[in-house]
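Single-structure report; data block below.
The values are calculated or read from the model by the stated rules, or taken from the named source; none is laboratory data. Please read these numbers as outputs of a predicted model, since none were measured by experiment. Cβ atoms come from the backbone with ideal geometry, glycine included; neighbour counts cover every protein chain shown. These area figures cover heavy atoms from the full protein model, side chains too; ligands, DNA and RNA do not enter into them. Shrake-Rupley method; radii C 1.70, N 1.55, O 1.52, S 1.80 Å.
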Amino acid sequence: MSDRDPVSVLLPTVEWNTACEQVAAQLTPEDELLVICDAEEDPVASHEPPENAKILTAGEPDGCSGKANALAHGMATARHDRFVWTDDDFERDMNWLDRLVAAGETHGPATAVPFFTGGGWWRLFEPWYGALFTLLVYLQLGGVEDTAWGGGVVFTRSELTVPVSEFVEELREVLSDDYLLTQRLPHVHAVGSMVTHVEVPGDARSVRHRLVRFTRIGGVNGRWLPGIVLSVAFLAGGVLFPLGAAVAVTVGFAAVYARFGLGRVNFLYAYPGLLVLPVVIIVAVGIDEFEWTGRRYRFSNSGEVEILDSVE
């Protein structure tokens, strides 16, 4: 039996799936798993959960993302001092929860490191939005310093820089729960041994909406200009010195893929991906609407979140 701190695990989802089963199997008798859906009509709402797990209904979001709304409801309901946030779109080994909590007990707030991987059109962007993001989170560098990834993060009530009640209200006003949590933790330790593969869809529609969402979160919450300038500079280098740039970025990303044991050859798309980066950022500047997990959102430059409609 584990002698670690008891935890409240928050897992937003609309259906009971493999992730729920895996997390439930790792609970100690003192832990609780809060599986949070939007409405009573969601399939998971009628599921009979195992011991120490509860199904919560958060209600429809208003002025925030569905995930942020679910986490707000879970945070207000959770009874333990230590929280774990996780997602339903990746698989984990049997020691995942204990390892993450142990990192939190040793280092304070701690996060697993995501690697967004996929086929289809996503291969063109995987090196930049997947492997590069993984590297920067692992090294805690640049604009992702101290990033808390909501797919696997642990922290306590006292480690938040605001009371939980205030944090819950803030969640109900944001698109990105990850970004808000990062702002409300003084530091976050990246658990280098927990690089997590998250498979994302590769069809053109899904990739377009994901790129707009990812890019707007960074631009609206940070600054647009540095990203535009840097991507244009990369493009200029890639056009003026195509052979050198192609070799440099391909070899560089090959080393990143090898370092993290990513086991893929999508680093070969690093150079063509470099050439379209400015287009992605400029498009994201002008387009503030995107689809995400069954809803269509508008995320304006003011930071306001508007839910336009549901997506079938």
Q) Mind checking which of 141, 124, 181 has the largest fluctuation in a GNM of the chain, springs on alpha carbons under 10 Å? A) 141
Q: List the trypsin sites (Lys or Arg not before Pro) within segment 1-110 that fall in a DSSP loop (any state other than H, G, I, E or B) and whose Cβ has at most 14 other Cβ atoms within 10 Å.
A: 79
Q: Report ³J(HN,Hα) in whole Hz for each residue of segment 115-127, in order, from the Karplus equation J = 6.51 cos²θ - 1.76 cosθ + 1.60 where θ = phi - 60°; Gly and Pro get x.
A: 10, 8, 10, x, x, x, 5, 5, 4, 5, 10, 4, x
Q: For segment 247-312 and segment 178-245, write down the distance between their C-alpha centroids in whole Å.
A: 6
Q) Using modelled backbone amide H atoms (1.01 Å from N, in-plane), which distant-in-sequence or interchain residues come within less than 5 Å of residue 198's amide H? A) 115, 116, 117
(Q) Give me, ordered by chain and number, the residues 5 or more places off residue 53 or on other chains with an amide H under 5 Å from its own placed amide H. (A) 33
Q: Taking H placed 1.01 Å from N in the peptide plane, check which residues at least 5 places from residue 148 or on another chain put their amide H under 5 Å from its amide H.
A: 182
Q. In what sequence, largest accessible area first, do 158, 8 appear using a 1.4 Å probe?
A. 158, 8
(Q) Using the Karplus curve 6.51 cos²θ - 1.76 cosθ + 1.60 with θ = phi - 60°, what ³J(HN,Hα) values do you get for each residue of segment 277-282, in whole Hz, with x for Gly and Pro? (A) 4, x, 4, 4, 5, 5
Q | Heavy-atom accessible surface of the chain: percent carbon and sulfur, 1.4 Å | A | 57
Q. Calculated from DSSP H runs of 4 or more alone, at -39500 (n - 2.57) each and per residue, what is the 222 nm mean residue ellipticity of the chain, nearest 500?
A. -12500 deg cm²/dmol
Q | Student exercise, the chain dipole from Lys, Arg, Asp, Glu Cβ charges, in Debye to nearest 20 | A | 1560
Q) What is the distance, in nm, between label points placed 7 Å from the Cα along the Cα-to-Cβ direction at residue 239 and at residue 15? A) 4.5
Q. What accessible area per residue, rounded to a whole number of Å², is obtained for the chain using a probe radius of 1.4 Å?
A. 44
Q: DSSP loop (so not H, G, I, E, B), at most 11 other Cβ within 10 Å: list which GluC sites (Glu not before Pro) in segment 8-53 pass both filters.
A: 40, 41, 51
Q | Efficiency of FRET between residue 81 and residue 51 - r from beta-carbon atoms, R0 30 angstrom, step 0.05 | A | 0.90
Q) Residue by residue through segment 205-212, which ³J(HN,Hα) values in whole Hz follow from phi under the Karplus form 6.51 cos²θ - 1.76 cosθ + 1.60 (θ = phi - 60°), with glycine and proline marked x? A) 5, 5, 5, 4, 5, 5, 5, 4
